[in-house]
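Report on the following structure.
The values are calculated or read from the model by the stated rules, or taken from the named source; none is laboratory data. Every value quoted in this text rests on a predicted model; they were computed, and no experiment measured them. Cβ atoms come from the backbone with ideal geometry, glycine included; neighbour counts cover every protein chain shown.
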Amino acid sequence: MVRIAAVGDVHAQRGAAPTFKADFANINARADILAIAGDLTAHGLAEEAEVLVDILKGVNIPIVAVLGNHDYHQRQQEEIKRVLKSSGILALDGETAVVEAGGFNVGFIGTKGFGGGFGMGALPDFGEEIFRMMYREGVNEANKIRRGLETIKADFRVVLLHYSPIKETLHGEPPEVYAFLGASIMAEPINRLGADLIIHGHSHYGTEKGTTSGGIPVRNVAISTMGRPYTVYPLGG
């Protein structure tokens, strides 16, 4: 069995380290891998990424992360990724990573994802160019997921996102904002190619557990949704 501790929307900022350090104090004994589902920083500042690194200094298990919309706010996303990678955190943006843990290889396909809506209400490739640009961004993110799933070889495969690929884990949010919280286009390659677990954040007032139409478990791990610093999800147990 592999135990994946997951959390999203940490929103690290100056002064936050002491509180959060206590929250992660027992994680090394409880989990084999830590997955962080975006919004690592509060305002998209590289110095806030340094606060996160300080928070996680006592975490000795492998850490895999993706960026969220907050992390792009100041256009410092490349600096944020450099801060994370320099501390040993696997910061994925369309890349894959295989982590050895619990006697298994766990393959992560990580990307931010994007909004755009779900099913019949999804944004189409039609109309004004600005909306078509948004549609193409969703397609680009879905293609990152597809390429990762087509290439990665591991005992377990985990898709790590910020935006949600299903509506079910958004229940609790106003329906008017669903299109800004995720897109069903991201679920299409996952249902087709398969995965063992999908992890996302971004939906602060949503629902923790859901399933894609293909039966793949989805977990919304935003801190405010879970009501706890992280949740451990076992694979293979």
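Figures for the structure shown
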{"item": "Residue list for the range 30-50, filter: assigned to a loop (DSSP other than H, G, I, E, B), hydrophobic (A, V, I, L, M, F, W, C), crowded, with 20+ Cβ neighbours inside 10 Å and more than 13 Å from the chain's Cα centre (by Cα)", "result": "31, 45"}
{"item": "The range 212-237 residues that are touching a residue at least 24 places away in the same chain (Cβ under 8 Å), paired with ones that are surrounded by fewer than 13 Cβ atoms within 10 Å (Cβ to Cβ) and of a type in the set (A, V, I, L, M, F, W, C) (beta carbon under 9 Å, 6 or more apart)", "result": "229/22; 234/1; 235/1; 236/1; 237/1"}
{"item": "Residue count for the range 110-167, restricted to those that are of a type in the set (A, V, I, L, M), outside any helix (DSSP H, G or I) and under 17 Å from the mean Cα position of the chain (by Cα)", "result": "5"}
{"item": "Scope the range 155-178; condition surrounded by fewer than 18 Cβ atoms within 10 Å (Cβ to Cβ) and of a type in the set (Gly, Ala, Ser); matching residues", "result": "172"}
{"item": "Subset of the range 186-202 [touching an Asp or Glu at 6+ places or on another chain (Cβ under 8 Å) and more than 23 Å from residue 56 (Cα to Cα)]", "result": "186, 193"}
{"item": "Breaking point among (1) part of a helix (DSSP H, G or I); (2) within 26 Å of residue 23 (Cβ to Cβ); (3) of a type in the set (Phe, Trp, Tyr), for residue 233", "result": "(1)"}
{"item": "Subset tally (residues that are at pLDDT 95 or above, surrounded by fewer than 21 Cβ atoms within 10 Å (Cβ to Cβ) and touching a helix residue (DSSP H, G or I) at 6+ places or on another chain (Cβ under 7 Å)) for the range 212-237", "result": "5"}
{"item": "Residues of the range 63-81 classified as in contact (Cβ under 8 Å) with a residue 24 or more places away in the chain and assigned to a helix (DSSP H, G or I), total", "result": "7"}
